[in-house]
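For reference, the structure discussed in these notes is given below.
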Amino acid sequence: MSEISMHDILSLLPMVILAGGILVTMILIAIKRNHLIIFISTLVILLASFSCLVYNVPETPHNIGDLFIIDRFGLYFQALILFSTFVVVVLSYISLKNLFPQKRKEEQYLLILLAALGSGMMVISTHFISFFVSLEIISISLYSLVSYYRELEKAIEAGLKYMLLAAMSSAFLLFGMALIYAVSGKMSFTGIATILPDMNTSHTIMVVAGIGMMITGMGFKLGVVPFHMWAPDVYEGASSPISALIATVSKGGVVAALIRFFLMANLYHFEKVMLAFTIITILSMLVGNLLGLLQNNVKRMLAYSSIANLGYILVAFIAGNNTGLHAATFYMTVYCIAILGAFGIVTIISQSDAEATSIENYRSLFWKKPILATALTIFLFSLAGIPLTAGFMGKYLVLMAATENAHWLLAIVLVISSVIALYYYSRLILVMAKPPDDSVNLAFPTIRLGGVIIVVLLSILVVWLGVWPEYLMRLIYNL
Amino acid sequence: MILVWLLILLMGTGLLAWLVAKWSATLSRLISLAGTVMYIVIVIFLLVEYKQNPVGQKWTVSFTHEWIPTFGIQLKLAADGLSLLMLLLTSFLGLLSVLISWKEIQKRVGFFHFNLMFELAGITGVFLCMDMFLFYFFWEVMLIPMFFLISIWGNENRIYAANKFFLFTQGSGLLMLLSILGIYFIHGHNTGIYTFDYELLLGTVMLPQTGFILMLGFAIAFFIKLSIVPFHSWLPDAHTQAPTAGSVILAGLLLKTGAYGFIRFVLPLFPEASHQFAPVAMTLGVISILYGAKLVFAQTDLKRLVAYISVSHMGYILLGIYAFNEMAMLGVVMQMIVHGISTGALFIIAGMLHERIQTRDIEQMGGFWSTVPRMGTMAVLFVMATLGLPGFGNFIAEALILMGTFLTNKTLASIAALGIVASTIYALHILQKVFYGKEFKPRSIADLNIREMVVMGSLALLILGLGLFPNVLLDVSTSSVVALIEKVNSLNF
């Protein structure tokens, strides 16, 4: 490998800022524990990293050895990850203040930044080593984040479940990589692509088996059926901002890495692999939405919604070519905004010691907190793909990708599962629209203005992207 | 540009009405009233302009603006005679909806009017858009406010009804979206121009089988909107549970969007497939006429009963559309308008009765004639109109449809004519049960007040006027209809 030049460091600057910021935050905590200071310094780090990223977009992709590639696609996903992290950090502040007022708070920001760093590195990885290491960075920070409120039984349960399953999935991933390495002798994505065409049959079988195992590992991170079992429990056990972090930062990184891996290693022509993906996708859409129907817990419902939405993204991913990948990127973006907003509302209306997870917490929200209820309705409509929201444009792009490449089965399953999904989204909306029942008077916590502002901004963003998607589409089409 | 202002006017009124409701509910009502009055004035102005235009010009007004150029999606609105007639109906029923909700809606007045205005905006968009993507967009936009109208202000079983309505229409809409995307790509592959522009897509060449499948996607969506048997089961629930204004808009306008979709999109885009499909569609139409009429007898809920009358009448529309001749098509246009008026009026009467006696069960009604003579008179008038008594618009419409159909398919036309007999029986049945006969129990109920008289009187004048001078309406739509029929029949079968 060649030496790392100044140029390499500069193009990695956003991530370097993030990594340095983590150290600085750690030192700050050691000097003095102050929630507000740590919160603000986290935001500053994120903003610095983000602005550095935006002002430093390269014209041509820049390779750093075999390990990383700095291109517009990767930077776009890094920006998305930083944006999501920013929202999660703000929500964490509210959640930490509301839920456990007297306990340790500061380390959560550290861990969140770590997850963002891992995810940000993952989307620019072009090598098994860098990919795996960044994946583990996310996993390890999530183990502790999920069980952060260790006084709660559910959090401990969720943390353990996540750790055991994530460790196992990492083992699968590693084994898959090993198999591919065994026959190809390559670990970089492009290297694999050059070796693949000249392989004999027995080697190809090894490669397919290896990819299959990698899909298992990545599928777990994406929470797609049949690797989804952990998702509802973990979403329920973790605090809402952390659930949002898993749903956006962790999944977004893996989606980008998946796209990059398949494109660079040129794996689209493995029919068996694509068949496996098709089955996973169909199952995710149907099972996610069908199980969503049965939920009375809003966080579990959002978990299933997230499973189904990842299924939609995979539809676009399977469709491949430009339309598909752009659709996947667009959908990932709008999905992130909507799910962040939805978890944001859950965070905001949660009281100390108990999050607003039951559907009954949302009864007649329309008449008590019309702004929050309207915002949540917009997010849910976006997740359901109703016009005037960004989710509709996303779903439209996905359907377009599917029909263009004649994946009719996927398109029709998508349509059917969207209709199923509507039922549980509309159920929550209808509960919010119920007239106030004076006999059960659930007290509302004091709503923090910062939370309201961020949620309202997110909902405006959803509507804006639903009505004028052109700007974002152009951005994505130029990736 | 004026077409865009129509949409902005409605949405702006809705938002404003929502905002001011915090301070005064009456002000919110007044704003909506002003908005709909302005809307009706603009539409009449457009109609006058249309009349003065030389014949042969395709669109009276149109507006095109880039929306999402990456995909060839435009904000393209245009109006011809047919669209203008539908707009007239929309504006009129919109105005009435505001008036009839004046007393009925007492809670969350602002949000109600917000939904009402957005519903009208969605419907207006559907009747105007000339871009397939935009069409789907508005098609879905008109769904959400209605969902809220039913689920918040509806009757006892509203949640179930709202969900059923939502799922049925959303699901069918997505099938239509698949078909739209299908045409988009076929046209794109053929010509290299990827566009959703309706006029460019018109001549798309495709394999017969593909065309048929794509046509089915549209047809199912429109069947469900039009509530053709066997796709009708959402309608009785939605109509029964909706507040009166919701029922009026559902019956008067939402159902018509289905018919409009057939006329504007299915026939011109898929002429060949439509010809293949005609026997099936006409049979479904006849089944709807008879089955809907039969079900009317089984109903004890007054609003549900009127809902099944709608199912029956929509059968005529489907029958007439697939007869592929001018006479039937003019009848269809006529039927769309008069059904909006007469069924709207019946729903209003049902709503007024419900408001007064708190029940819709016709077993608990009877003998109202003596207590509420004015309402009784109006009821007789509209029931007679519904059964197709000569002198009312409905008669002209049904007669035109049946005569037109007779030219193409004698058997089905004859069977469909039986529907007229059935409608006579059920119409008399309603009057007998509700207004004549013995009083169920002595009640003191108020007769129509001035506001209600204005509403009912204007409806009565319209339906009579259309019966006596149908040409006023037919003239406006003739050029659109002639062009359409020529296009569809130019295939020489």
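Read the figures in this text as sums done on the coordinates, not as results from a lab. Bear in mind the structure is a predicted one, so any value in this text is a computation, not a measurement. Methodologically, a virtual Cβ is constructed for each residue, glycine included, from the backbone with ideal geometry; neighbour enumeration extends over all protein chains shown.
Where Rh is the Kirkwood radius over the Cα pairs of chain A, the temperature 25 °C and the viscosity 0.890 mPa s, what D in µm²/s does Stokes-Einstein return?
Diffusion coefficient, whole number: 109 µm²/s.
Do any trypsin sites (Lys or Arg not before Pro) in the range B:1-68 lie in a DSSP loop with no more than 14 other beta carbon atoms within 10 Å, and if so, which?
On the way: sites: B:LYS22, B:ARG29, B:LYS51, B:LYS58; in loops: B:LYS22, B:LYS58.
Hits after loop and neighbour filter: B:LYS22, B:LYS58.
Around A:LYS154, with a cut-off of 9 angstrom between Cβ atoms, what is the net charge of the other residues, counting Lys and Arg +1 and Asp and Glu -1?
Every neighbour counted, the sum reads -4.
What do you get when you divide the Cα radius of gyration of the range B:364-456 by 2.2 N^0.38 Å, with N the number of residues?
1.38
Tell me the relative contact order for chain B as a rounded percent, counting alpha carbon contacts under 8 Å between residues six or more apart.
Numbers: 833 pairs, mean separation 71.2, N = 493.
Normalised by residue count, the contact order of chain B is 14 percent.
For the protein assembly as shown, with the dipole built from +1 on Lys and Arg beta-carbon atoms and -1 on Asp and Glu ones, taken about the Cα centre, which of B:MET375, A:ALA166, A:VAL287 lies farthest toward the positive end?
Towards the positive end, the residue furthest out is B:MET375.
Pairing the Cα long axis of helix B:208-226 with the longest principal axis of chain B, what angle in degrees results, from 0 to 90 and rounded to the nearest 10?
Result, in degrees: 20.
Quick one: putting +1 on the C-beta of Lys and Arg, -1 on the C-beta of Asp and Glu, what dipole do you get for the range B:217-332 around its Cα centre, in Debye to the nearest 20? Each step should come with its number before you reach the end.
Details: 6 positive and 4 negative charges, 38 e Å.
Rounded to the nearest 20 debye, it is 180 debye.
Could you give the distance between the Cα centres of the range A:334-398 and the range A:203-230, to the whole Å?
Cα centres, the range A:334-398 to the range A:203-230: 31 Å.
Projecting each Cα onto the charge dipole of the range B:102-177 (Lys/Arg +1, Asp/Glu -1 at the beta carbon, about the Cα centre), which of B:LEU134, B:TYR160, B:PHE118 comes out farthest on the positive side?
B:TYR160
For a footprinting-style exposure proxy, rank A:TRP367, A:TRP468, B:TRP153 by other Cβ within 10 Å, fewest first.
Ranked by crowding around the Cβ, least crowded first: A:TRP468, A:TRP367, B:TRP153.
Given labels modelled 7 Å from the Cα in the Cβ direction, how far is it in nm from B:ILE44 to A:ILE460?
Rounded to a tenth, the inter-label distance reads 4.0 nm.
In Å, what Kirkwood hydrodynamic radius results for the range B:1-72 from the alpha-carbon pair distances? Don't jump to the answer; show the numbers that get you there.
Working: mean 1/r = 0.0690 Å⁻¹.
For the range B:1-72, the Kirkwood estimate is 14.5 Å.
For B:LEU75, what residues show an amide H to amide H distance below 5 Å, using hydrogens built from the backbone and excluding near sequence neighbours?
B:HIS65, B:GLU66, B:TRP67
Would you mind calculating the relative contact order of the range A:193-257 from Cα pairs under 8 angstrom and at least 6 residues apart, reporting the percent as a whole number?
The value is 26 percent.
Which loop-located GluC sites (Glu not before Pro) does the range A:134-165 contain, where loop means any DSSP state but H, G, I, E or B and the Cβ has at most 10 other Cβ atoms within 10 Å?
Passing both the DSSP loop test and the Cβ count: A:GLU151.
Classify the range A:235-300 as rounded, prolate or oblate from the Cα gyration tensor: take a ≥ b ≥ c as the square roots of its eigenvalues, call it rounded if a/c is under 1.5, otherwise prolate when a/b beats b/c and oblate if not.
oblate
Among A:PHE366, A:LEU430, A:PHE392, which residue has its Cα furthest toward the positive end of the charge dipole of the range A:310-445, with +1 on Lys/Arg Cβ and -1 on Asp/Glu Cβ?
Of the listed residues, the answer is A:PHE392.
With θ set to phi - 60° and the Karplus curve 6.51 cos²θ - 1.76 cosθ + 1.60, what are the ³J(HN,Hα) couplings of the range B:237-251 in order, to the nearest whole Hz, using x for Gly and Pro?
Couplings: 5, 4, 5, 5, 7, 5, x, 3, 4, x, 4, 4, 5, 4, 6 Hz.
Based on DSSP H runs of at least 4 residues, each adding -39500 (n - 2.57), what is the mean residue ellipticity at 222 nm of chain B after dividing by all its residues, to the nearest 500 deg cm²/dmol?
For chain B, the value works out to -25000 deg cm²/dmol.
Quick one: which residues, 5+ away or cross-chain, put their amide H under 5 Å from the amide H of A:ILE64? H built at 1.01 Å from N.
Those lying under 5 Å, H to H, from A:ILE64 are A:ILE69, A:ILE70.
Compute the acute angle (0 to 90°) between the alpha-carbon long axis of helix A:390-404 and the principal axis of greatest extent of the alpha-carbon atoms of chain A; round to the nearest 10°.
Between helix and principal axis, roughly 30 degrees.
Apply the Karplus curve 6.51 cos²θ - 1.76 cosθ + 1.60, θ = phi - 60°, to the phi angles in the range B:423-435 and return the couplings in whole Hz, x for Gly and Pro.
Once θ is set to phi - 60°, the couplings for the range B:423-435 become 5, 4, 5, 5, 5, 5, 4, 4, 4, 4, 6, 8, 9 Hz.
In percent, what relative contact order does chain A have, based on Cα pairs under 8 Å that are 6 or more apart in sequence?
15
Which ordering of A:TRP230, A:TRP408 is given by a fewest-first count of other beta-carbon atoms within 10 Å?
Placing the least packed residue first, the sequence is A:TRP408, A:TRP230.
Given B:LYS294/B:LYS433; B:LYS225/B:LYS410; A:LYS368/B:LYS22; B:LYS103/B:LYS433; A:LYS105/A:LYS154, which pairs have Cα atoms separated by over 22 Å?
B:LYS225/B:LYS410; B:LYS103/B:LYS433
Kirkwood hydrodynamic radius for the range B:59-138: how many Å is it when counted over pairs of different Cα atoms?
Hydrodynamic radius (Kirkwood, Cα only) of the range B:59-138 equals 14.1 Å.
Would you mind ranking B:PHE168, B:PHE212 so that the residue whose beta carbon has the fewest other beta carbons within 10 Å leads the list?
B:PHE212, B:PHE168
Placing +1 at every Lys and Arg Cβ and -1 at every Asp and Glu Cβ, with all other atoms neutral, what dipole size does the range B:350-490 have around its Cα centre, in debye to the nearest 20?
280
Among the chymotrypsin sites (Phe, Trp or Tyr not before Pro) in the range A:30-62, which ones are in a DSSP loop with at most 12 other Cβ atoms within 10 Å of the Cβ? Mind listing them? Don't skip to the answer; put the middle values down first.
On the way: sites: A:PHE39, A:PHE50, A:TYR55; in loops: A:TYR55.
Filter output for the range A:30-62: A:TYR55.
Counting only Cα atoms, I'd like the Rg/Rh figure for the range B:278-355, Kirkwood definition for Rh.
1.05
Each residue of the range A:248-263 in turn: what ³J(HN,Hα) in whole Hz from Karplus with 6.51, -1.76, 1.60 and θ = phi - 60°, glycine and Pro shown as x?
Values per residue, Gly and Pro as x: 10, 5, 5, 5, x, x, 5, 4, 4, 5, 4, 4, 5, 4, 5, 6 Hz.
Hey, any idea what the orientation-averaged projected area of the convex hull of the protein assembly as shown's Cα atoms comes to, in nm²?
Numbers: hull surface 164.5 nm².
Reported value for the Cα convex hull: 41.1 nm².
Determine the dipole magnitude for chain A: charges of +1 sit on the beta-carbon of Lys and Arg, -1 on that of Asp and Glu, nothing else is charged, the reference point is the Cα centre, and the result goes in debye to the nearest 20. Intermediate results must be reported in sequence, preceding the final value.
Numbers: 25 positive and 22 negative charges, 172 e Å.
Here the size comes out at about 820 debye.
Over the whole of B:168-181, what's the average partner chain Cβ count within 10 Å per residue? Rounded to a whole number, please.
For this peptide, the per-residue mean of nearby foreign Cβ atoms is 5.
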